[in-house]
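One structure is given below, encoded as structure tokens.
The values are calculated or read from the model by the stated rules, or taken from the named source; none is laboratory data. Quick caveat: nothing in here was measured; it's all calculated off a predicted structure. Note that each Cβ is placed from the backbone with ideal geometry, even for glycine, and that neighbours are counted across all protein chains shown.
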Amino acid sequence: MSKTTWLTLVLNFAGFASAQDLVVHEWGTITTVHAADGKAAGGLNKIDESELLPAFVHRFEPETTRFDPVKKLIKAPRIPGRPDITMRLETPVIYFHPPAGGFKKSFDVAVRFRGGVINEFYPDADASIALDDERIADKTVVGAIPRQWDGNVLNNYVVGGLAWKGVTLHDTVVAPLTNDPVWLAPREVQAASVFVAAVGEGERYLFYRGVAHLDALVQTKTTGGNVKVSAPALLTWLDAATVTIPKIWLADVREDGAIAFREGAALTLQKGKPGAALGNLKRFSNADHTPDGLKQLRASLKKSLINQGLFADEAEAMLNTWKASYFEKPGLRVFYIVPREWIDYFLPLEVSVPARVNRVIVGRIDLAE
């Protein structure tokens, strides 16, 4: 392990939680890229140099993909990129808000990613990849699907896993020193710091990222005047008759930094109507772009994030991580609030002690023209 410089985090976390409960808040993003005809791009584990995380972040590559550049799942600039990686799980962070009297117990946190692998995380944790035995038991018996993942096809029979064991909460921890804005922004939150004694690592939050072969919850087709949005073709994960996407935005960032955006109404996905048309998002004229567009877009997004249950400083931290790749990078993109039903199915989270858990994931779609 390379030598790392560390700093001490000190924070005041009193006042957020009730006298009884541990409060757990999580935020993150799922990113997809769509062609004008709506086809999802693959190879999303190939990233720019500027998107690399600090060297102290731990990385996981399964044995079956580790030695073949074509199969590699890790996000990196100088790789071919796997065609079946159609989604990036970006910067989920988990915060812990203890009761006023503190929280002395150690506990475990585990997350799984159906259809993907969790391959970047901090502090260090136990990473794994497996097949969904319950769903494919009949097929493995007849030999249609191997009992162990061979690394060839990434789909929703594959389940990535990550487990932190013996997490403790503190007001002060020693954390790695970095000047990476994407890493620093989530520290600006009044929450307890975390420490994992077994690995001797701490931070303001638990962090993880991953890649998957999954579709966006909003499908798109881009024309000169509109972005047509529709439901995904597969809604087998949906138990209820309907689920609501609470908010959607269309935003356009120009080279000069001017931004235009529109908020759309809530969208309803119906289990019996996969692929159904959901509406049109009108595109922008030059007059719609303003220097104040970013400020207004951030205010709109922040309001919705708070409405979904994040604290104000958590919402602000989330938006600050988007500065370069979301708000400054030119392009047309869609943002939407991911329903909790999707989150809990594809990204189930377990905390080993009683806790009030709130999870907010935003979908981002970059639209190619």
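Overview of results
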read-out: Residue check, VAL353 in contact with a strand residue (DSSP E or B) (Cβ under 6 Å, 6 or more places away or on another chain), surrounded by fewer than 17 Cβ atoms within 10 Å (Cβ to Cβ) and either under 22 Å from LEU184 (Cα atoms) or modelled with pLDDT of 95 or more (or both); value: yes
read-out: Long-range neighbours under 9 Å by Cβ, at least six apart or interchain, first residue free of Cβ contacts under 8 Å to residues at least 40 places away in the same chain within region 331-354, second crowded, with 16+ Cβ neighbours inside 10 Å and part of a loop (DSSP other than H, G, I, E, B); value: ARG340/GLN308
read-out: Residue among ALA185, ALA197 that is at pLDDT 95 or above and within 22 Å of LEU22 (Cβ to Cβ); value: ALA197
read-out: Complete set of residues in region 308-326 that are in a helix (DSSP H, G or I) and either modelled with pLDDT of 95 or more or of a type in the set (Gly, Ala, Ser) (or both); value: ALA312, ASP313, GLU314, ALA315, GLU316, ALA317, MET318, LEU319, ASN320, THR321, ALA324, SER325
read-out: Residue in region 148-170 that is more than 18 Å from the chain's Cα centre (by Cα), modelled with pLDDT of 95 or more, surrounded by fewer than 18 Cβ atoms within 10 Å (Cβ to Cβ) and of a type in the set (Asp, Glu) present; value: no
read-out: Flag for ALA317 being of a type in the set (A, V, I, L, M) and touching an Asp or Glu at 6+ places or on another chain (Cβ under 8 Å); value: yes
read-out: Sole residue being touching a Lys or Arg at 6+ places or on another chain (Cβ under 7 Å), buried (at least 22 other Cβ atoms within 10 Å of the Cβ) and within 25 Å of VAL117 (Cβ to Cβ), chosen from VAL211, VAL218, VAL194; value: VAL211
read-out: Set LEU305, LEU297, LEU301: member being in contact (Cβ under 8 Å) with a residue 40 or more places away in the chain, more than 24 Å from PRO232 (Cβ to Cβ) and not in a strand (DSSP E or B); value: LEU297
read-out: Region 53-95, subset touching a Leu at 6+ places or on another chain (Cβ under 9 Å) and of a type in the set (A, V, I, L, M), residue farthest from GLY38 (Cα to Cα); value: ILE94
read-out: Residue count for region 308-329, restricted to those that are over 17 Å from ARG364 (Cβ atoms) and without any contact (Cβ under 8 Å) to a residue 24 or more places away in the chain; value: 1
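Residue-wise test of (1) under 25 Å from PHE327 (Cβ atoms); (2) among the small types (Gly, Ala, Ser).
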site	(1), (2)
TYR205	yes, no
ARG209	yes, no
ALA212	yes, yes
GLY224	yes, yes
SER230	no, yes
LEU235	no, no
LEU238	no, no
ILE245	yes, no
